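Encoded as structure tokens, the structure appears first; notes follow it.
The values are calculated or read from the model by the stated rules, or taken from the named source; none is laboratory data. Bear in mind the structure is a predicted one, so any value in this text is a computation, not a measurement. Note that each Cβ is placed from the backbone with ideal geometry, even for glycine, and that neighbours are counted across all protein chains shown.
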């Protein structure tokens, strides 16, 4: 049975004081024996403070992005080694905002995935379709293309350290949510992709999160679907009460 995994993507929000307070509230609100893995992904400037705030708790910390090179003249970027150095466990890669706002390709994501895995970081690799792509019946094609590109060269053994996140772009920050049936259908298709690309063992073991306006009120129904193994939470992760509610649903 796949262990649920709930991750909070704080995006470009919070002050340092708010980040530490939120992290501390989550660290004290989650039991060490909780039946779910939990991570928070704060803005890069607060990673160090949040790592300290959750030290010794059941909460892990991840970054929202990274560069694929180890060092160099890449102004404004963070390397995987830097993330590892301050205590990050996870890194979100290929989030829809990186793909559609900043123009990252699946090839770009793939370079980062390989770097993260080589360093021992655990990537959360995101895929998802635009509204016009869903309406055109291209959901499966778009997600398969993103998966093939983002996971190129990643071995079956390495997939043990990869989490996938399906996030329909039209449901992120819009208040719109894919119905449990819509989300489950895509998650099931992604699992079929994993079986085809790798094998049944990989398909049955890799965790696939749902991301897209997940809240305490809809989390239970979404997370009860057989192929949805957790959530990549945006806005609701900025409130300890809301985020703990989603974790409770898992």
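Considering region 1-17, the residues that are in a loop (DSSP other than H, G, I, E, B) and without any contact (Cβ under 8 Å) to a residue 40 or more places away in the chain include one that is surrounded by the most Cβ atoms within 10 Å (Cβ to Cβ), namely 15.
If you check residue 54 against the conditions, is it over 18 Å from the mean Cα position of the chain (by Cα) and within 18 Å of residue 233 (Cβ to Cβ)? Yes; evaluated as a whole, the condition is true for this residue. Among the residues here, residue 149 does not qualify as farther than 26 Å from residue 70 by Cβ and either in a helix (DSSP H, G or I) or modelled with pLDDT under 95 (or both).
The helices (runs of 4 or more DSSP H) found entirely in region 96-136 that carry 2 or more residues being without any contact (Cβ under 8 Å) to a residue 24 or more places away in the chain and over 17 Å from the mean Cα position of the chain (by Cα) are 131-135.
Any residue in region 31-41 that is assigned to a loop (DSSP other than H, G, I, E, B), at pLDDT 95 or above and touching a helix residue (DSSP H, G or I) at 6+ places or on another chain (Cβ under 8 Å)? Yes, there is a match, as at least one residue in region 31-41 is assigned to a loop (DSSP other than H, G, I, E, B), at pLDDT 95 or above and touching a helix residue (DSSP H, G or I) at 6+ places or on another chain (Cβ under 8 Å). Within region 77-85, is even one residue closer than 23 Å to residue 225 by Cα and surrounded by 23 or more Cβ atoms within 10 Å (Cβ to Cβ)? No - not one qualifying residue is present in region 77-85. Of the residues making up region 72-95, those that are under 19 Å from residue 48 (Cα atoms) and in a loop (DSSP other than H, G, I, E, B) are 76, 77, 78, 86, 87, 88, 89.
Taking every residue in region 143-163 that is on the phi > 0 side of the Ramachandran plot and pairing it with any residue that is part of a loop (DSSP other than H, G, I, E, B), at least 6 positions away or on another chain, yields no pair with a Cβ-Cβ distance below 6 Å. Scanning region 174-214 for residues that are more than 20 Å from residue 6 (Cβ to Cβ), in contact with a helix residue (DSSP H, G or I) (Cβ under 7 Å, 6 or more places away or on another chain) and touching a residue at least 24 places away in the same chain (Cβ under 8 Å) yields a count of 6. Checked against (1) touching a helix residue (DSSP H, G or I) at 6+ places or on another chain (Cβ under 8 Å); (2) surrounded by fewer than 21 Cβ atoms within 10 Å (Cβ to Cβ); (3) at pLDDT 95 or above, residue 100 passes all but condition (3).
Selection of region 20-29 for residues being crowded, with 19+ Cβ neighbours inside 10 Å and within 19 Å of residue 234 (Cβ to Cβ) yields 22, 23, 26.
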